[in-house]
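**Student:** Sharing a structure, written as structure tokens. Questions coming.
Please treat every number below as a calculation from the coordinates, not as lab data. Everything numeric in this text was worked out from a predicted model, so none of it was measured. Because the Cβ atoms are built from the backbone with ideal geometry, glycine has one as well, and the counts that use them run over all protein chains shown.
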Amino acid sequence: MINTSIKPLHLLFLVVCLPIQVVIAAEYNVHGILDFRVKHINSSEQGYLTGGQGKLGLGDGVHFSAAQIGADLSVSWDNGLSAHGVFNAYPEATGDGESTALGLTEIYLKYRSLPNTAGYRIQTKAGLFYPEISLENNAYAWASKDTLDSSTLNTWIGEEIRVVGSEIKLTRLGRINGDKYDLSFSATAFINNDPAGALLAWHGWAVSNRQTLWNEQRTFPWFPARQGGQKLAGQADKSDPFLELDSRVGYHTRGEWKLRGKGSISAGYYDNRAIPYKVVDGQYGWRTRFYHLGTRWRLSDNLSLTAQYLSGDTLMQSQAKEDVVNNDYASGFVALHYNWHALVANKKHKSTLRVEDFSVTDNDKTAGDDNNENGQALTLNHSYRLSKQWFLSAEFTVIDSHRPARAYTGQPVDLVETQWQFATRYFL
Amino acid sequence: MLKHSLFFRFFVIRFSLLRFGLPIFSVLIFTFASTSVQACTKEDPTCVQVRVNNVKNQPLANMVVYLEPLANQAVPQQNKTVEISQHSKSFIPYISVSQKSAKVNFVNKDDITHHIYSADSENKFSFKIRSGETDSSAHFNHAAEIAMGCNIHDWMSGYLLVVNTPYFAKTDLQGVASFTLNELGKYRVVVWHPQMRAKNNRMIIEKKLSNTEITTFTLQKAMDDIPVQKSDDFDFISDY
């Protein structure tokens, strides 16, 4: 007969072994990216990353760099819980590059339930993470999948938009409901993104693969309103985008419709709900709100499309609640990806053509701080998969922009910049 | 300065899996292929054939056909182990069939982890399966139609049809499924496919089977699209 009573020894066994059971079920993963590049840039003397007026990360000349060393670490348990940490290093490039930076870009806990009988699944996330906006930066460590540099839209997301918060996402799976589409809706409540909008105002839209690290401050070009006695004299030299200044919770919501095997359409809205006249140690609250639309679509076996559009506003005020910076902004891109397997008979070659349009409209009357700009960019990328993990890429970018603020430092208001990049990227 | 060498070493060491469990090293796998039942011939007195045609009267392959005895014919229990593999982030085969109580092995042939599940209330199961592992923890002891997914890769979709008979097969390119029966007599002949647009995704004929007459089914409606178990070709997607 089976004896079902629990004896002390059994209890000891349970107490000792149950935690071990939890450990057993854990799976540790280390992923990442190594990205080595040589660039030839025809632009301003200095790129935007070092406070220059160029729209590219680096200025004029030839540069060698490890453009990204990223590690994407995770541990996941069988019960649906996982913990993630993403670290990125940006070693100093030759030429006028910024100094080496290394740090954390995301760290969060995630729980994903199994779908229930009705086909609904809940996912929650808590920690430091990107709100789900970019359709380009979905490779490990937030690297851009199809191009070396992200679009202006997502370069900005990587620079100024990051949240400490919690997200809940509900997905209705079509597979279980006899539908060909999945629907999902997510809502995030967050803090620590109050100064977002400052860098977009002061260097405009830019193109690179650089993400701001947690606790990192970023520089921007000089302009007359920063001088003593002027309206922005109180602004710190560098902007620290991931601060909580006013204890007000912001939010992001997003919905997505995904048609099986074809593509997806998504829309979202972000509002940091910052108090615009709040200032702490030279860091202002910027009330930044925008909506974003996106689609990924498989047009044929060889041809697919990614497109995104983002538009919003930002407001920063003096302590007397007068508008100091009041901007509207928009950026959108359409990218076509072509797989050459029909012609080359393998899946190793892929090309991407991306066209972009971007603008900032300055609505305030602050002297010596003109934030207006508009421009277009075009990027051509060809990538070859050398082996399972190694990729070789060549990428050409041209940006044509009109930015009156460049005159403050004696740079041409109208500027056409070009960049050639050759890269080898290794994904782990 | 970055300590490149140390960082790099840390970086390239892949802690892929911590496996303290007891790995099963020797599993004998009897693969159930789509044509597991040997095509029999008319000369065989207990050979029966079933043909499935599409709405345009053309032969339809990969349709599941099974025969359930209606006259108390004795049916043997098959000892076949069904293998459902996860390969290229898809279920292969898309449709598996097993006799109830048969062993079902899930085999992960990818280099990543999958999280296989069924959300069906009566046949709920889920397990994570690491690269290269075989899992046979799920038991299927009654007839059921089980839709399976992967909770990591939502596009993955597979079916396991559990039947109460050893007589099951998928139609070949000629749309024909053949069975060598132990006993002739009256059977329920069922054609099933998850994308068949018919009540319960089935067509049913009950009749006395013989080796001289082919039972033919012709679909009343066109088949629905079979889901494409395909994602982006890029292998290094982070789960953002």
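**Student:** Given the C-alpha centroids of region B:38-109 and region A:22-80, what is the distance between them in whole angstrom?
**Tutor:** Value for the Cα centre distance between the two parts: 51 Å.
**Student:** Taking the Cα centre of each part, how many Å lie between region A:94-111 and region A:123-176?
**Tutor:** Their Cα centres are 16 Å away from one another.
**Student:** Explain nothing, just the number: dipole magnitude of the protein assembly as shown about its Cα centre with +1 on each Lys and Arg Cβ and -1 on each Asp and Glu Cβ, in debye rounded to the nearest 20. Spell out each step's value before the answer.
**Tutor:** Working: 66 positive and 66 negative charges, 524 e Å.
Charge dipole, the protein assembly as shown, about its Cα centre: 2520 debye, nearest 20.
**Student:** When only C-alpha pairs under 8 Å and at least 6 residues apart count, what is the relative contact order of chain A, in percent?
**Tutor:** It rounds to 13 percent for chain A.
**Student:** Also: Among A:Gly174, A:Ser134, A:Leu109, whose Cα lies farthest out toward the positive end of the dipole of region A:8-427, if unit charges sit on the beta carbon of Lys, Arg (+1) and Asp, Glu (-1)?
**Tutor:** Looking along the dipole axis, the top candidate is A:Gly174.
**Student:** Would you mind giving the average projected area, over all directions, of the Cα convex hull of region B:34-136 in nm² with one decimal?
**Tutor:** Details: hull surface 38.8 nm².
Reported value for the Cα convex hull: 9.7 nm².
**Student:** How far, in nm, would the chain grow between A:Glu92 and A:His382 when pulled straight, counting 0.36 nm per residue and subtracting the alpha carbon separation? Numbers along the way, then the final one.
**Tutor:** Values: separation 290, 0.36 × 290 = 104.40 nm, distance 2.54 nm.
Roughly 101.9 nm would be gained on extension.
**Student:** Which far-off residues, 5 or more places away or on another chain, put their amide H under 5 Å from the one on A:Ala206, with H placed in the peptide plane?
**Tutor:** A:Trp156
**Student:** Now a separate question. Which percent of Cα-Cα pairs in region B:77-164 sits in each 10 Å bin, short to long?
**Tutor:** All Cα pairs, binned at 10 Å, distribute as 19, 57, 23, 1 percent.
**Student:** Shifting gears a bit: How big, in percent, is the set of alpha carbon pairs in region B:91-240 lying more than 24 Å apart?
**Tutor:** On the way: 4771 of 11175 pairs.
Across region B:91-240, Cα pairs with separations above 24 Å total 43 percent.
**Student:** Give the cross-link partners of A:Lys169 among the lysines, using a straight C-alpha distance below 26 Å as the criterion and excluding same-chain residues fewer than 8 apart.
**Tutor:** In chain and number order, the partners are A:Lys110, A:Lys125, A:Lys145, A:Lys180, A:Lys258, A:Lys262, B:Lys89, B:Lys124, B:Lys128, B:Lys230.
**Student:** Hey, for a label at B:Glu43 modelled as a point 7 Å past Cα toward Cβ, could you say which residues of region B:166-205 have their backbone N under 19 Å away?
**Tutor:** B:178-181
**Student:** Set the Förster radius R0 to 30 Å, insert the Cβ-Cβ distance between A:Trp390 and A:Lys262 as r into 1/(1 + (r/R0)^6), and round the FRET efficiency to 0.05.
**Tutor:** Working: r = 30 Å, r/R0 = 1.01.
Rounded to the nearest 0.05, the efficiency is 0.50.
**Student:** By counting other Cβ atoms within 10 Å of each Cβ, how are A:Trp340, B:Trp155, A:Trp390 ranked from fewest to most?
**Tutor:** Details: A:Trp340 16, B:Trp155 19, A:Trp390 13.
Least crowded to most crowded, the residues run A:Trp390, A:Trp340, B:Trp155.
**Student:** May I pose another question? In region A:155-188, which residues have a backbone nitrogen under 18 Å from the label point lying 7 Å from A:Thr253's Cα in the Cα-to-Cβ direction?
**Tutor:** Inside the label zone: A:166-172, A:183-188.
**Student:** Okay, moving on. With unit charges on the beta carbons (Lys and Arg positive, Asp and Glu negative) and the dipole taken about the Cα centre of the protein assembly as shown, which residue among A:Thr366, A:Pro91, B:Val190 sits farthest to the positive side?
**Tutor:** B:Val190
**Student:** Would you tally the net charge around B:Asn62, using a Cβ to Cβ cut-off of less than 13 Å, leaving B:Asn62 out, and scoring K and R as +1, D and E as -1?
**Tutor:** Working: positive: B:Lys170; negative: B:Asp172.
My count for the surroundings of B:Asn62 gives 0.
**Student:** Continuing with this model, one more query. Let me test this: with uniform point scatterers at the alpha carbons of region A:297-354, what is the Debye-based log₁₀ I(q)/I(0) at q = 0.19 1/Å?
**Tutor:** -0.74
**Student:** Ignoring solvent entirely, what values of log10 I(q)/I(0) come out of the Debye formula for the protein assembly as shown at 0.08, 0.09 Å⁻¹ when each Cα is a single scatterer?
**Tutor:** So the normalised log intensities work out to -0.71, -0.85.
**Student:** I would also like to ask the following. Using Cα pairs closer than 8 Å and at least 6 residues apart in sequence, work out the relative contact order for region B:77-164, in percent.
**Tutor:** Numbers: 211 pairs, mean separation 28.5, N = 88.
RCO, region B:77-164: 32 percent.
**Student:** Does anyone have the angle between helix A:8-24 and the longest principal axis of chain A? Alpha-carbon axes, 0 to 90°, nearest 10?
**Tutor:** Rounded to the nearest ten degrees, it is 30.
**Student:** List B:Cys40, B:Cys47, B:Cys150 from most exposed to least, where exposure is judged by having the fewest other Cβ atoms within 10 Å. It would help to have the intermediate numbers written out before the result.
**Tutor:** Numbers: B:Cys40 17, B:Cys47 20, B:Cys150 23.
If I rank by nearby Cβ atoms, fewest first, I get B:Cys40, B:Cys47, B:Cys150.
**Student:** Quick check: Cα centre of region A:328-404 to Cα centre of region A:260-287, how many Å?
**Tutor:** 22 Å
**Student:** Arrange the following residues from fewest to most other Cβ atoms within 10 Å of their Cβ: A:Leu170, B:Leu161. Before the final figure, lay out each step's value.
**Tutor:** Details: A:Leu170 14, B:Leu161 21.
The most exposed by this proxy come first: A:Leu170, B:Leu161.
**Student:** Sticking with this structure for a sec: So how strong a dipole does region B:77-164 carry about its Cα centre when Lys and Arg Cβ are +1 and Asp and Glu Cβ are -1, to the nearest 20 debye? Can you show the working numbers first?
**Tutor:** Details: 8 positive and 9 negative charges, 38 e Å.
Dipole about the Cα centre, nearest 20: 180 debye.
**Student:** Put +1 on the Cβ of each Lys and Arg and -1 on the Cβ of each Asp and Glu in region A:318-368; which of A:Ser318, A:Leu353, A:Ser331 then has its Cα farthest toward the positive end of the dipole?
**Tutor:** Going by the Cα projections, it comes out as A:Leu353.
**Student:** Moving on to the next point. What is the sum of charges, Lys and Arg at +1 and Asp and Glu at -1, for the other residues whose Cβ falls under 11 Å from the Cβ of B:Tyr187?
**Tutor:** Details: positive: B:Lys186, B:Arg188, B:Lys207, B:Lys208; negative: B:Glu68, B:Glu183, B:Glu206.
Its environment carries a net charge of +1.
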